[in-house]
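Working notes, structure below.
Every read-out reported here was derived from the displayed coordinates using simple, explicitly stated rules and does not represent laboratory data. Just so we're clear, the structure is a prediction, and the values are computed from it rather than from any experiment. Here the Cβ is made from the backbone with ideal geometry for all residues, glycine too, and neighbour counts use every protein chain on show.
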Amino acid sequence: MDSEDRALTLAALCGAAWLGQGREDLIGPILANARILRLSVGQWAQAEGDDEAGVLVVLSGSVQMLCKAPGDREVLIGQAGPGVAIGQTTRFGGGPRLVTVICQEDSRLLQVSDRALGRIAQAAPRIWEAVAALLYLQLRNLLQLVAEAAALSPRQRLAARIELLARGAPPPQTLRLTQQALGEMVGLSRKAANAHLADFERRGLIRRAYGGLAVIDPRGLRRIAEA
């Protein structure tokens, strides 16, 4: 791991919610046992159903997450940028990979395989606490999306998803995401998503551009979602 990789990894892990306070001693063992993946746009980081589990942390770039839907279709369910961790372990009742992860742009990822987690646990058993915390965070986010799908109107769902994707960075936060992909995430056609996005842009909440959009007023989007 070169100095740039190390700096990116430290930045991602030091601010990671799943490591949390009191688990700083895990960063050294993770650095010693993880490896860096440099992937180009369109490359797969993992596939749904892979037997090899573990944790992926986005260090730079962005990735999209897809899962199988009825009719053997693959549906886009989310996008993750720097600092976001994805994954699970087979050690405690887990199974194969749950989602397919594809690079939305040239990306650098930290891969901590199940085998690496086992090696880390020999020196730092609290790694399993961190993995459990990651699983909880992923479950909480999933339940939030289910609640939004059940309770919010299409316009509110779209506002909530844009605000979630932009969360954690100062505006304007640029999302590399087509209008069709954004609509797919919240169950809208491209035409319907485009109409709502045009309204958000008129209100000064976002600014659309080719292949993405800039989030100008995330609080305004959150107000729409919570109206």
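Farthest toward the dipole's positive end in the chain, which of Met65, Gln43, Val112, given Cβ charges of +1 (Lys, Arg) and -1 (Asp, Glu) about the Cα centre? Value: Met65.
For Cα extents along the principal axes in Å, the value calculated from this model appears in (1) 64, 36, 30; (2) 50, 36, 36; (3) 55, 39, 33 under label (3). Note on Glu201 and Arg219: their simple-model spin labels are 2.5 nm apart, each label 7 Å out from Cα toward Cβ. Can you work out ³J(HN,Hα) from phi for every residue in the range 86-92, in order, using Karplus 6.51 cos²θ - 1.76 cosθ + 1.60 and θ = phi - 60°, giving whole Hz and x for Gly and Pro? Karplus-based 3J(HN,Hα) across the range 86-92 equals 9, x, 7, 10, 8, 5, 10 Hz. The gain in end-to-end length when the Gln180 to Ile27 segment is fully stretched comes to 51.3 nm, 0.36 nm per residue minus the alpha carbon separation. A cut-off of 5 Å between modelled amide H atoms, ignoring neighbours fewer than 5 places along the same chain, links Gly78 with Met65.
Restricting the range 118-212 to chymotrypsin sites (Phe, Trp or Tyr not before Pro) that sit in a DSSP loop and have at most 13 other Cβ atoms within 10 Å of their own Cβ leaves Tyr210. When the chain is described by a simple charge dipole with +1 on each Lys and Arg Cβ and -1 on each Asp and Glu Cβ, the residue from Thr89, Leu139, Ala12 located farthest towards its positive end is Leu139. If you take the Cα centroid of the range 148-227 and the Cα centroid of the range 119-145, the two points sit 29 Å apart. The phi-based Karplus calculation (6.51 cos²θ - 1.76 cosθ + 1.60; θ = phi - 60°) puts the 3J(HN,Hα) values of the range 65-79 at 10, 10, 9, 6, 10, x, x, 6, 8, 9, 10, 6, 10, x, 9 Hz, whole numbers, x for Gly and Pro.
Taking amide H as placed 1.01 Å from N in the peptide plane, the amide H of Ser60 sits under 5 Å from that of Arg108, each at least 5 places away or on another chain. Taking amide hydrogens as modeled 1.01 Å from N in the peptide plane, which residues meet the under 5 Å criterion relative to Ala45, leaving out close sequence neighbours? Residues meeting the amide H criterion: Val101, Ile102, Cys103. Each Cα pair under 8 Å and six or more residues apart adds its separation to the average, and for the chain the resulting relative contact order is 20 percent. Peptides 139-147, 62-70 ranked from most to least packed give 62-70, 139-147, packing being the mean of other C-beta atoms within 10 angstrom over each peptide's residues. Checking every one of the chymotrypsin sites (Phe, Trp or Tyr not before Pro) in the range 1-100 against DSSP loop status and a limit of 13 other Cβ atoms within 10 Å picks out Phe92.
Simple spin-label estimate for Val75 and Ser40 gives 3.2 nm between the two label positions (7 Å along the Cα-to-Cβ direction from each Cα).
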